[in-house]
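Down below is the structure, laid out as C-alpha cells.
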Amino acid sequence: MKNVFCFLIVFVCFSLKAKADHITGGEIYYTYVSNTNGANTYNVTFKLFMRCNSGRQFNNPTVVSVFEKAGSKRFTDINVNLTRTETIQLTDSDPCITNPPKVCYVVGYYNFVVNLPENESGYILSSQVNYRIQTISNFQSFYSNIGATYTAEIPGTTDAVNNSAQFTGSDLVVVCANNRFSYSFGATDPDGDKLRYSFCEAYRSGLGGNNVIPPPPPPYQAVPYGNGYSESSPLGSDVQINAETGLITGIAPKTGVYVVTVCVEEMRNGIVIAKQRKDLQLNIAPCNIAAALLPTEYMLCKDTKTIALSNLSNSPLIQTYYWEITDRAGTVIFTSTTPNASHTFADTGLYKIKLSINRGQACKDSTTSIAKVYPGFFPGFNFSGICFNKPTTFKDVTTNVYGTINSWNWAFSTGDTSNIANPVYTFLTKGAKDVQLVVTNSVGCRDEVTKTVSIVTEPPINLAFKDTLICKGDQVILKASGVGNYTWGPASNISNANTSTPTVSPVTTTSYIVHLDSDGCLNHDSVLVRVTDRVTLRVMNDTTICRGDTIQLRIQSDAFTYSWTPAAQLINPAVASPFAITNNRTTYNVKASIGGCSVTGNVTVSTVPYPTAYAGKDTLICNNASVQLSAITDGTSFSWAPSIGLNHADIINPLATPAKTTAYILNTFDNRGCPKPGRDTVVVSVLPPIHPFAGNDTAAVLEQPLQLTATGGVNYLWSPNIGLSATNIANPVALYNETFNQIKYKVLVFNEGNCIDSASVTVKIYNTGPAVFVPNAFTPNGDGKNDVLRPIAVGMKQLDFFRVYNRWGQEVFTTQVNGKGWDGSINSVPQTTGTYVWWVKATDYKGAAYFKKGTVTLIK
C-alpha cells in the first residue's frame, strides 16, 4: 500500500486575551546534567508549534511551573524567554494527492536550566495556553474556551538520573479525510528505557484568559470529548496506535480539527518511572489520494454470500481498476475491471481480495483484504433481573453455523466489562443502560449487539385496568404484567392470588392490592372493583327525523355492554350510542348490562319525508335571452339560489336571465316535521354570442364565379337569392349574367340553439374581364380621403401579390390581401411627393394568371 497520508496536522491552542489560537500543539522534554549537593540539574525544552503566516508571535517570556509529584505542591514558577524559532514546511507535494493543503509551522523553543532537590516522588513540569479553537470536532459541541496544558514528568530520587523520552516523528505530514494514513509519534530515549505508547487524555487549562500566568497544580481536568470520540479513541474506531512503536495508522475521520494526545511511558526494570506527553490539534484536510483503499476485512457472516466491492478512495486521478479474488489454494475465482464489483461465493471459506489501480500508469497502487464467508452468525443475548443493587443475569443466545463461539466481550455502559458467556452483573444506579456484547467464533467472524436494559428501583407493573364495575355475584379476572412473583390481597373472594391474573368476586366494592417481587426488587399497585346490583340507563327522548337520514341514538349509562335492536338498521348495535338509518317509524330497544345485571330501554324515531322539490328540466337559451323556470313542490315555502339573473328568487316559477350557464338550486320547506329542505337543481345553459360574418365587400365581373363565405354559426340563410348557387349553405357561389351596379346580400346565422344573428356583404359587378384596378395617385395626408393606395381585384380567385417600389428599385410595400394598401410611409416614416412603380399578379376563377404594372404618384 502506498504510504501517502491523509491528515493535515495543524496544532491549535486558543486564548481570549492573548489570542493563542495560532498555537497548534506542544511538548516538554529534558536531559539530565549533574547532581550537586543533593540537587539534580536538568536542561529543559518547552516546544510549541505555531501556524505559518498567522501574524502572531510566541509569548516572550512564558511561564513553566514545577510541582512536587506527591501532593502537587508548587515548587517554583519560572519565567522563560523564547530561545529560538525555526520554520518547517512541506515543499514536495505528492502528485497523486488532489487538492493538497499547505503544511507549514513556526516552531518555538524555550530552553532553560532547572535545579531540583532530590525528591522521592519526583516532579511534574507544566505550562498552559488559553484557548483552543471553538469548533473542535471531537469535543462536545456546546463547549467553548477550552485551553491546553502541557506536562512532563521527572522521576523520583531512585531514577532521578534520567533523560526524558523525546518525540522524533516528522510533523510535516499530509493526510486526507476518509483516507488511510500513518503518522509516527515514535520517540527516542537516551537511557535505553523501554517505551510504551498509548492515546491518553488531553489536558484543559486552568482559569484565566491570560495565557502567561502560572498553571494551577495537578491533577488536570481532561478536555470534554464527545461526538463519539474519547481520550482512547480521539480519531474514531478506525484509527489505532501501536503500543511498541508509537505509529498511528487507520482511516482518517471526516474533515475537521481534532485534539490528539499521545503518552509515552518510560519503563526501567519493568517499572514505569515517568510519562511524557505530546498534545496536538490535528486539522484533517479535504484532500484526496489516488490509492487502492479497502477495509481490513469483509465479514460475510450474517445472511449472505455476496460481497460488494468498491474503492474507499474516490480520487479523480484513478483511471483504471482491476479486482481479483482468490481462494485459499491461490486459484483466481473472480476478476473485474469496473469501479464497483460484486461477487457471490459458491462456498464458505477464507478468500483474498486484491485491488490494483492505474496499472502501468502514474499513481499506481494496490492493496489486499480478506473475506470471511461463513453465514449464519447472529449475536444475541437475553437478560433477567432489572433492579439496581440486585444481580442482573445475562445469557448469550448467539446462533452460529460454522465453527464454535470462542470469545465474549460484555460492556455494561458503566466502564465494567466481562469476558464470560453468561455473566451476572449488579448495577449500582438506576436508569437506561446500553449493554453491548461483542462475540467471535473460531472461523474469524466477529459481530456485536446492543440492548437497552432499564434498571429500576421498582419492577414495573402494567395493569390492564385500575377501576372496574361488576354486578353483585359476578366474577372478574384482574390482569397485570411484569416479571416476578405476584401476591394479591385481600385474600377473601379471590382465587389464583399468586398469579398475574387472579379471579375475584367481591360482595362489596373492594380495592385489590398487587405486590410484585422481582428478585427482591418490590413494587405494588391496586385495582378498584366496584360492586353494584343495578345498571343505570337514561335513553334519549323520542324524536322525528327526515326520512332516510342517519341519527345517532344517545343514552347515558354505566353499563359495560350494549345490545340494540333491530340490528339491521344500526351501523354497530353493540355500542352505547349507535347510528341508525330508517325510512319508517321505528322503535329501537336497548339492553345495557354489567355482567349479570341488566336494564332495558327504548326510543321511537318517527320519519317525515323531505318536501317535494322538482326544479324542472335543464334547458338551453341564447345569449342575453330569458327562460321561465317551471318548478313543482308540495312545500309551504321555497327559495332559489343563486338569485343572480332571477327576477324573483322567492317564487316557484321565476324568470331567469343568466349571463352565463348557471345551476339554479330550488330549496323547499314544509311544516310536517322535517327540518331540512328538499332540493333539486336545474341547469340553464347559455350559448355564447354569435359572431356572424359574411366576408368583406368585394367585386365580380360578368360570367365569372364569385365564392361567398359566411362564418359564426351552424346554419345559414342568404337573401336575395340573385345569382346564388344555394341560399341555405355557408359558402354559396355567385354567378352573374346580367349587369348590376352592385348587390347587397344578407345572411342569417343560426347556432346550435337556433339562436339567430345576421351579417351582410356588398358585391360590385363589372361588365369587364377579370382585372385588378390600381389608382394613379393618392394623397396620404390623414384626411380620410384617398389616404391609402389599394389594389381592387375584380373577378379574381386570389391576389398573388401587389408590390410597390421607389425610384431606386427598393420594395417599399407588399401584400397578398385584396383591398389592403400602402399608407405612403417606409418604416413608419412618411414619404415626400414622388412617383412609385407598382406590380400586381393575380389568378382568376378559371385559373388564368393575370399580370399588370404601372406607376402611381404620391402627392403631399
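Only one entry of THR832, THR815, THR857 meets the criterion of being among the hydroxyl-bearing types (Ser, Thr, Tyr) and surrounded by fewer than 12 Cβ atoms within 10 Å (Cβ to Cβ), and that entry is THR832. Take the residues in the range 466-484 that are in a loop (DSSP other than H, G, I, E, B) and in contact with a Gly (Cβ under 9 Å, 6 or more places away or on another chain); name whichever of them is least open to solvent (accessible area, probe 1.4 Å). The qualifying residue least open to solvent (accessible area, probe 1.4 Å) is ASP474.
Among residues of the range 644-668 that are closer than 23 Å to THR612 by Cα, those with a Cβ under 7 angstrom from a residue that is surrounded by fewer than 16 Cβ atoms within 10 Å (Cβ to Cβ) and among the basic types (Lys, Arg), sequence gap 6+ or separate chain, pair up as ILE665/ARG679; LEU666/ARG679; ASN667/ARG679.
Condition first: open to solvent by 60 Å² or more (accessible area, probe 1.4 Å) and either aliphatic (A, V, I, L, M) or assigned to a strand (DSSP E or B) (or both). Now tell me which residues in the range 435-465 satisfy that. Those that are open to solvent by 60 Å² or more (accessible area, probe 1.4 Å) and either aliphatic (A, V, I, L, M) or assigned to a strand (DSSP E or B) (or both): ARG446, GLU448, THR450, LYS451, THR452, SER454, ASN462, ALA464. Contact map, the range 264-292: residues that are over 30 Å from SER164 (Cα atoms) and open to solvent by 30 Å² or more (accessible area, probe 1.4 Å) paired with residues that are in a loop (DSSP other than H, G, I, E, B) and hydroxyl-bearing (Ser, Thr, Tyr), Cβ distance under 6 Å, separation 6+ or inter-chain. Pairs shown: PRO286/THR255. Residues in the range 83-127 that are out of contact with any strand residue (DSSP E or B) (no Cβ under 6 Å at 6 or more places or on another chain) and of a type in the set (Asp, Glu) were compared, and the one that is nearest to TYR42 (Cα to Cα) is GLU118. What about ASN806, is it at pLDDT 90 or above and either in contact with a Gly (Cβ under 8 Å, 6 or more places away or on another chain) or more than 20 Å from THR855 (Cβ to Cβ) (or both)? The answer is yes for ASN806. Restricting to the range 553-566, name every residue that is open to solvent by less than 50 Å² (accessible area, probe 1.4 Å) and either in contact with a helix residue (DSSP H, G or I) (Cβ under 7 Å, 6 or more places away or on another chain) or outside any loop (DSSP other than H, G, I, E, B) (or both). ILE555, SER557, TYR562, TRP564 - these are the residues of the range 553-566 that are open to solvent by less than 50 Å² (accessible area, probe 1.4 Å) and either in contact with a helix residue (DSSP H, G or I) (Cβ under 7 Å, 6 or more places away or on another chain) or outside any loop (DSSP other than H, G, I, E, B) (or both).
Yes/no per residue for (1) in a loop (DSSP other than H, G, I, E, B); (2) of a type in the set (Lys, Arg); (3) surrounded by fewer than 16 Cβ atoms within 10 Å (Cβ to Cβ):
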{"residue": "SER170", "(1), (2), (3)": "yes, no, yes"}
{"residue": "SER182", "(1), (2), (3)": "no, no, no"}
{"residue": "TYR197", "(1), (2), (3)": "no, no, no"}
{"residue": "PRO214", "(1), (2), (3)": "yes, no, no"}
{"residue": "TYR220", "(1), (2), (3)": "yes, no, no"}
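Only residues that are within 30 Å of ASN99 (Cα to Cα) and surrounded by fewer than 17 Cβ atoms within 10 Å (Cβ to Cβ) were counted across the range 296-321, and they come to 9.
Residues are listed down the side, and each one gets a yes or a no for (1) within 26 Å of CYS755 (Cα to Cα); (2) touching a strand residue (DSSP E or B) at 6+ places or on another chain (Cβ under 8 Å):
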site: ILE621; (1), (2): yes, yes
site: ASN624; (1), (2): yes, no
site: SER630; (1), (2): yes, no
site: ALA641; (1), (2): no, yes
site: PRO654; (1), (2): yes, yes
site: PRO658; (1), (2): yes, yes
site: ALA663; (1), (2): yes, yes
site: LEU666; (1), (2): no, yes
site: VAL683; (1), (2): yes, yes
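With respect to being modelled with pLDDT under 95 and open to solvent by less than 60 Å² (accessible area, probe 1.4 Å), ALA656 falls outside the description. Selection over the range 222-251 of residues that are surrounded by 15 or more Cβ atoms within 10 Å (Cβ to Cβ) and of a type in the set (Asp, Glu) gives a count of 2. Enumerate the pairs (first residue in the range 436-456 and more than 22 Å from TYR374 (Cα to Cα); second residue anywhere and part of a loop (DSSP other than H, G, I, E, B)) with beta-carbon separation below 6 Å, excluding pairs fewer than 6 apart on the same chain, so at least 6 apart or on different chains. Short answer, once both residue conditions are applied: ILE455/ILE386; ILE455/PHE388; ILE455/PHE427; ILE455/LYS430; VAL456/ILE386; VAL456/LYS430. Scanning the range 322-344 for residues that are surrounded by fewer than 16 Cβ atoms within 10 Å (Cβ to Cβ) and of a type in the set (A, V, I, L, M, F, W, C) gives ALA329, VAL332, ILE333. Screening ARG359 with (1) assigned to a loop (DSSP other than H, G, I, E, B); (2) open to solvent by less than 30 Å² (accessible area, probe 1.4 Å) gives one miss only, at (2).
Pairs meeting the criteria (first residue in the range 186-199 and more than 14 Å from VAL262 (Cβ to Cβ) and in contact (Cβ under 8 Å) with a residue 40 or more places away in the chain, second residue surrounded by 15 or more Cβ atoms within 10 Å (Cβ to Cβ) and among the charged types (D, E, K, R), beta carbons under 6 Å, at least 6 apart or on different chains) are ASP193/GLU266; ASP193/ARG268.
The values are calculated or read from the model by the stated rules, or taken from the named source; none is laboratory data. The shown structure was predicted, so the numbers you read here are calculated from the model rather than taken from an experiment. Cβ sites come from the backbone with ideal geometry, for glycine too, and all protein chains shown count toward neighbours. To get the accessible areas, we keep the full protein, side chains included, count just its heavy atoms, and leave off ligands, DNA and RNA. Shrake-Rupley method; radii C 1.70, N 1.55, O 1.52, S 1.80 Å.
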